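The values are calculated or read from the model by the stated rules, or taken from the named source; none is laboratory data. Not measured: the values here are computed from a predicted model. For neighbour counting, all protein chains shown are included, and Cβ atoms are generated from backbone atoms with ideal geometry for every residue, glycine included.
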Ligand code: GDP
């Protein structure tokens, strides 16, 4: 079993889809191993997405991610990173496969309902960004 980080983004929390997305992830075979609801400030969202600094959509992304509560969670499955990327679908919901979280719940490429780590190394860093040592040691 391995772990990955997901974040249910402000658009999905605001539209009342957080519970449906959690159910979708559980049905897809993930175990929820850590979870919280939090609102990111500018510094936190900027740091989380530092890799995108300088990209044309960076300011919009930070503004969006600070616009309301988010739900970060740690998911466990076999090959969790790849499995979650497949389960959420393409970044742009217009290109996402049928039945994926983004096809079902995302509004646009920017407001796209959910984040998922894109490698095991990033999953470890991103889990540590949101969850404390005592939560991580419980995984
Ligand atoms: P992901 O790994 O599928 O989330 O996609 P990326 O790592 O490429 O981008 C990170 C996040 O930045 C995406 O999930 C979107 O929320 C946002 N993003 C990416 N491209 C665009 C864009 O062209 N416009 C806007 N507004 N946001 C974007």
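Annotation note: of 40, 139, the sole residue that is in a loop (DSSP other than H, G, I, E, B), more than 26 Å from residue 16 (Cβ to Cβ) and touching a strand residue (DSSP E or B) at 6+ places or on another chain (Cβ under 9 Å) is 139. Scanning segment 91-139 for residues that are surrounded by fewer than 20 Cβ atoms within 10 Å (Cβ to Cβ) and at positive phi yields a count of 1. All conditions in (1) more than 13 Å from the ligand (Cβ to nearest atom); (2) in contact with a helix residue (DSSP H, G or I) (Cβ under 8 Å, 6 or more places away or on another chain) hold for residue 48, with the sole exception of (1). Annotation note: of 102, 111, the sole residue that is within 13 Å of the ligand (Cβ to nearest atom), at pLDDT 95 or above, within 13 Å of the chain's Cα centre (by Cα) and in a helix (DSSP H, G or I) is 102.
For segment 55-62, check the following and say yes or no: at least one residue is modelled with pLDDT of 95 or more, within 15 Å of the chain's Cα centre (by Cα) and either near the ligand (Cβ under 10 Å from one of its atoms) or surrounded by 16 or more Cβ atoms within 10 Å (Cβ to Cβ) (or both). Lay out the reasoning, then the answer.
Here is the first cut: in segment 55-62, the residues modelled with pLDDT of 95 or more are 55-62.
When the remaining residues are screened for being within 15 Å of the chain's Cα centre (by Cα), the result is 61-62.
Subsequent filtering for residues that are either near the ligand (Cβ under 10 Å from one of its atoms) or surrounded by 16 or more Cβ atoms within 10 Å (Cβ to Cβ) (or both) retains 61-62.
Taking every residue of segment 55-62 in turn, at least one turns out to be modelled with pLDDT of 95 or more, within 15 Å of the chain's Cα centre (by Cα) and either near the ligand (Cβ under 10 Å from one of its atoms) or surrounded by 16 or more Cβ atoms within 10 Å (Cβ to Cβ) (or both).
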